[in-house]
Structures are given as structure tokens and as C-alpha cells.
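Single-structure report; data block below.
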Amino acid sequence: METNLTPEQSLKLIDDMMRQAKRSFHRISFYFLLWGALLIGAMLLEFIMNTMGQPLYGKSWGVIGVIGGIISGVHGARQGKKEGASTTMDRVMMWLWTAFVITLVVTIVGYGVTGGGTPAGSILVLTGLPTFVSGQLMRFKPLIFGGILFWILGMASYFVTPPMITWLYIGAMLFGYVIPGYLLKRQEDGLRTA
Amino acid sequence: MAFAPLDPILHNQLRLAIMSLLVTVEEGDFNFLLEKTGATRGNVSVQITKLKEAGYITVLKTFKENYPNTVCSITTKGLTAFEVYVKAIKDYLKT
């Protein structure tokens with residue numbers, strides 16, 4: 001590799017290298033699939049136990065939050081060791097989702113302490129924020145629509161009865177998290193092999 | 001029309017490749033630069049030193065899983081030089 005580059009070669013080289021570097025963005029679809037599955041599981045468990053007359057009063061969210069936090073932390077640390085580069089986008093995403101999880105935990109604990117009923121509606125509204133912002137930052141429409149869906153169904157859940165809240169919540173998690181997460185995974189897989 | 005002279009530090013295939021990678025990512029380690037440029041270990045090392053001496057990148061020696069790890073990131077001076085270089089070659093192409 002030596003000098004004597006023509007302007008065309010210089011521009012092509014810059015373009016090629018930038019494309020190469022963009023393929024190094026961290027994969028985040030794992031977190032959408034993980035948290036989507038865990039949060040649906042928590043809601044279903046709450047619903048089933050409630051139906052059986054043994055309500056958990058939101059304890060399953062706390063347990064699943066800890067399990068999800070540990071799995072996410074371990075996965076993130078492993079991924080960080082594998083990757084040789086980190087982008088500004090990676091850092092923005094990391095802090096956006098870290099701030100979201102902290103806000104979520106504080107909100108759920110707040111509901112538990114004050115006995116303020118099911119936190120499902122607030123969870124949905126809160127989840128809409130990082131999902132929508134992530135979608136906009138990545139220019140990935142399924143996440144943008146997912147974020148909007150979280151806000152709409154979160155708002156709707158304040159006006160309906162508890163059994164209906166369960167289905168709104170599960171629908172939001174499925175269409176706002178799991179399906180966009182799966183589509184994102186396909187895109188990430190394609191980007192890696194391109 | 002007089003053309004701006006091209007920065008000799010950047011007008012080198014490998015150094016330009018390294019700078020283009022570092023402009024896109026916030027920081028990249030030695031193996032990342034090695035893999036993406038496809039150049040030899042020795043050549044990448046020499047060009048990193050030249051870019052560092054020009055003040056275009058910072059080089060941080062750390063450890064990753066008990067092995068030495070060199071992490072590079074672009075400086076403000078490097079970013080400005082890169083932007084000036086890109087503008088200069090675009091001007092060449094316009095004529």
C-alpha cells in the first residue's frame with residue numbers, strides 16, 4: 001500500500017472503509033428478543049397466578065428484571081470483548097437503554113411501595129421512549145412503529161379493565177419488541193455476511 | 001483555478017484507510033484496523049505511528065483479556081485534516 005492515489009481512488013477507498021466500519025456496529029437485536037420474551041413471560045405469570053387466586057403483586061417483574069439484567073450484562077460484556085471498535089451510536093444506545101432500565105425499575109418499585117395497581121401501562125409508555133429513539137437513530141422503521149405502538153397501547157391500558165390490560169401489554173411487547181427484534185436480527189445477519 | 005495541495009500524511013493508501021475507519025467509529029483497536037485494511041501487522045503499526053506523530057490520532061495501550069491491546073481514536077486535528085482532504089479531492093474531481 002503506497003501513495004500515488006488518484007482522487008477517484010481516494011474517494012473510493014474512503015467509501016469502502018466507511019462501509020467496512022459500519023459493519024462493526026454492535027448487534028442489539030438480542031436485547032429486544034430477550035426482554036420481549038421475559039416481559040411477556042412476567043405478565044403471563046402474573047395473569048395466571050391472579051386467575052388462580054394467588055396474585056404475585058408484580059413480584060414476577062422484579063425477578064425477571066434481575067434475570068434479564070444479569071443475562072444482558074454478561075452478553076454485553078462478552079460482545080464488548082469480541083468487538084474491536086465502538087461507535088458513538090453504540091455509546092448513545094448503551095446509555096439510553098441503561099437510563100431506561102433504571103427509570104423502569106424505580107417506577108415498578110414505586111408502584112409496589114405505594115400499591116398503585118398494575119404498572120403495565122406505565123411500563124408500556126416508558127418502553128415506547130427508548131424503542132422510538134432507537135428506531136430513529138438506526139433509521140429502522142419497525143422499531144419506530146413499535147415505539148409508537150407502545151405509547152398508544154400504554155395510553156389505552158389506562159382506560160380498560162385488568163384482563164384487557166394483559167392482552168394490550170402482550171400485544172405491545174410482541175409487535176413493539178419481539179417482531180422488530182426478529183427483523184433487526186435478520187438485518188444484522190445480512191449486514192455481517194454482506 | 002488553484003487547487004489546495006493534498007495533505008501528504010493522508011495521501012497514502014493505508015493511512016487514508018485507517019483514518020476513514022477511525023472517522024466512522026469512535027475508537028478502534030489494532031486488530032480491527034488490521035482486519036479491515038487487510039494490510040500487514042508491521043505496515044499498520046508504522047502508519048499508526050506516523051498518524052500519531054502528526055497529531056491526527058491518539059494511541060492508548062491497554063490490556064484485553066490479559067493481552068496488550070492498542071486502541072486508536074481520531075483527534076480534532078485529525079478530523080479537520082480529513083475534512084480538508086476530502087474537500088480537496090472533491091474539488092479535483094469537479095474540474
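The values are calculated or read from the model by the stated rules, or taken from the named source; none is laboratory data. If you're wondering where the values come from, they're calculated on a predicted model, not measured in any experiment. All Cβ positions, even for glycine, are placed from backbone atoms using ideal geometry, and neighbour counts span all protein chains on display.
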Enumeration of residues in segment B:39-86 that are assigned to a loop (DSSP other than H, G, I, E, B) and either modelled with pLDDT under 90 or more than 10 Å from chain A (Cβ to nearest Cβ) (or both): B:54, B:55, B:56, B:65, B:66, B:75
Residue among A:104, A:143, A:126, A:56 that alone is more than 30 Å from residue B:34 (Cβ to Cβ), aliphatic (A, V, I, L, M) and at pLDDT below 80: A:56
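Yes/no per residue for (1) surrounded by 18 or more Cβ atoms within 10 Å (Cβ to Cβ); (2) of a type in the set (A, V, I, L, M, F, W, C); (3) on the phi < 0 side of the Ramachandran plot:
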| site | (1), (2), (3) |
| --- | --- |
| A:38 | yes, yes, yes |
| A:47 | yes, yes, yes |
| A:50 | no, no, yes |
| A:57 | no, no, no |
| A:62 | no, no, yes |
Inside segment A:1-22, can you point out the residues that are more than 8 Å from chain B (Cβ to nearest Cβ) and modelled with pLDDT under 75? A:4
What's the total number of residues in segment A:56-84 that are under 25 Å from residue A:44 (Cβ atoms) and not in a loop (DSSP other than H, G, I, E, B)? 17
Selection within segment A:82-98 - over 15 Å from residue A:65 (Cβ atoms) and without any contact (Cβ under 8 Å) to a residue 60 or more places away in the chain: A:82, A:83, A:88, A:91, A:92, A:94, A:95, A:96
Mind listing just one residue for me: the one in segment A:115-142 that is free of Cβ contacts under 8 Å to residues at least 60 places away in the same chain and aliphatic (A, V, I, L, M) and, of those, surrounded by the most Cβ atoms within 10 Å (Cβ to Cβ)? A:124
Test: residue A:108 is away from every other protein chain (no Cβ under 14 Å), in a helix (DSSP H, G or I) and over 29 Å from residue A:160 (Cβ atoms): no
Pick from segment A:111-123 the residues that are in a helix (DSSP H, G or I) and touching a Pro at 6+ places or on another chain (Cβ under 9 Å): which of them is modelled with the lowest pLDDT? A:112
Could you identify the single residue in A:127, A:131 that is of a type in the set (Val, Ile, Thr) and in contact with a Leu (Cβ under 6 Å, 6 or more places away or on another chain)? A:131
So how many residues does segment A:78-97 have that are closer than 16 Å to residue A:138 by Cβ and at the interface with chain B (Cβ under 7 Å from one of its Cβ atoms)? 4
State the number of residues belonging to segment B:16-27 that are over 11 Å from residue B:81 (Cβ atoms) and more than 7 Å from chain A (Cβ to nearest Cβ). 2
So, in segment A:143-165, of the ones that are crowded, with 21+ Cβ neighbours inside 10 Å and either aromatic (Phe, Trp, Tyr) or in contact (Cβ under 8 Å) with a residue 40 or more places away in the chain (or both), which residue ends up farthest from residue A:97 (Cα to Cα)? A:165
